[in-house]
Amino acid sequence: MSQAKIDILLAAPRGFCAGVDRAIQIVELALQRFGPPIHVRHEIVHNRFVVEGLERRGAVFVDELDEVPDGARVIFSAHGVPKSVPDEARRRGLRFLDATCPLVTKVHREAEQHHAKGRHVVMLGHAGHPEAVGTMGQLPAGAMSLVQTVEEARSLALPANGEVAYITQTTLSVDETAATVETLGDRFPGIIGPRKDDICYATTNRQAAVKAIAGRCDALLVIGAPNSSNSRRLVEVAERAGCAYCRLVQRADDIDWAELRDVATVGISAGASAPEVLVDEVIDAFRERFDVHIEPVVTAVEDLEFKLPRELRA
């Protein structure tokens, strides 16, 4: 009995971005150079497959620095940390490496510059996300307000007669952020934004690639972790772009094959912290069940690389 045919539209860019690649390299090189254990505060990137692979090599992931023994080496995750974290590491004499994505660090510096000029800073982001927590922690308490939605922007109360600036988490939805920024502009004429958009190139590119295929798909799968902001935004972007069935899956085992029984065209993308091996795993799972035809859909080519910390350069 012949297999049913299915077309796969494979979005590109997808998967690892330069900041994620750099963060993982930092852990791998630290393990090679200094030997295990290397402690890592929070998941280095939001992907259990990556984290578990590093654990097998000797990385020890912790929630806070009080779990790190005195004198140990510790790495801060790609999402960035509040200033209190490196301050505490120095106080305790911990040897640390900072794997914060340089594009997140850029947002941190913007916040500091606005604060130095006396502006109240509004951060567009998701409460509790490590990147938002790290960015809010760059300034003293009360110097920055978090806004998550257009509705919150409409009701935001700020000190009177002061200058206002905004920054954003790097992994937000481009379209939703534009609407929130417009609302802030209506509420606070003269609000100052970043010279260059804070939403990073990788987030923007992956959302554009998903938009390019969503309208052609009966179903679209985004490979990524449920705590990955950029992966969840890809699902939302696909839904808004016209794909009726969109799901976030971590592995091929998460796919509900019964729901794909009558699908003729499926789109596949992957969040910025999902390795390509998981994309291959999902495609192989389709090949086991269907006669697969793959059409790559490339909307941009990425070649950006970030320098490693000086301590790890060859």
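For this structure, a couple of remarks:
- Less than 5 angstrom separates the built amide H of Ile192 from those of Val164, Ala165, Tyr166, all sequence-distant by 5 or more or on a different chain.
- Among (i) 18.8, 60; (ii) 19.1, 66; (iii) 21.0, 74, the entry derived from the coordinates for Rg and Dmax of the Cα atoms in Å: (iii)
- Interchain or long-range residues, amide H under 5 Å from Leu97's placed H: Val74, Ile75, Phe76
- Applying a DSSP loop filter and a limit of 10 other Cβ atoms within 10 Å to the trypsin sites (Lys or Arg not before Pro) in segment 169-255 leaves Arg195, Lys196.
- Cα gyration tensor shape of segment 104-197, rounded if a/c is under 1.5, else prolate or oblate by comparing a/b with b/c: rounded
- Pairs of Cα atoms nearer than 8 Å and 6+ residues apart set the relative contact order; for the chain it is 27 percent.
- Neighbour-limited loop hits for trypsin sites (Lys or Arg not before Pro), segment 34-67 (at most 15 other Cβ within 10 Å; DSSP other than H, G, I, E, B): Arg57
- Mean Cβ neighbour count within 10 Å, used as a protection proxy, ranking 145-156, 162-173 highest first: 162-173, 145-156
- Label-point separation in nm, Arg187 to Ala143, each point 7 Å along Cα→Cβ: 2.2 nm
- Stretchable slack from Asp197 to Lys5, in nm (0.36 nm times residue separation minus alpha-carbon distance): 64.9 nm
- Converting phi to 3J(HN,Hα) with the Karplus coefficients 6.51, -1.76 and 1.60 and the offset θ = phi - 60°, segment 281-291 yields 4, 5, 5, 4, 5, 5, 5, 5, 10, 9, 8 Hz in sequence order, with x at every glycine or proline.
- Segment 18-101: Rg to Rh, with Rh as the Kirkwood radius over Cα pairs: 0.93
- Cα centroid of segment 83-140 to Cα centroid of segment 231-257, whole Å: 31 Å
- For the chain, the tally of Lys pairs with Cα-Cα distances below 24 Å comes to 11, considering only residues 8 or more apart or on different chains.
- Computed label-point distance, nm, for sites Arg91 and His293 using a 7 Å Cα→Cβ extension: 6.4 nm
- The GluC sites (Glu not before Pro) of segment 35-107 that meet both conditions, a loop assignment by DSSP and at most 10 other Cβ atoms within 10 Å of the site Cβ, are Glu64.
- Computed FRET value (nearest 0.05) for Glu151 with Val174, which takes r as the C-beta separation and R₀ as 30 Å: 0.95
- Segment Asp262..Arg109, full-extension length gain: 50.0 nm, with 0.36 nm per residue of separation and the alpha-carbon distance subtracted.
- Measuring nothing but how far apart in sequence close Cα pairs (under 8 Å, 6+ apart) lie, relative to its length, segment 104-197 scores a relative contact order of 34 percent.
- Relative to the current alpha-carbon distance between Asp280 and Leu158, full extension at 0.36 nm per residue lengthens the span by 39.0 nm.
Bear in mind these aren't lab numbers, they're just calculated from the coordinates by the rules spelled out. The structure displayed is predicted, hence computed values, not measured ones. Backbone-built Cβ (ideal geometry, glycine too); neighbour counts: all protein chains shown.
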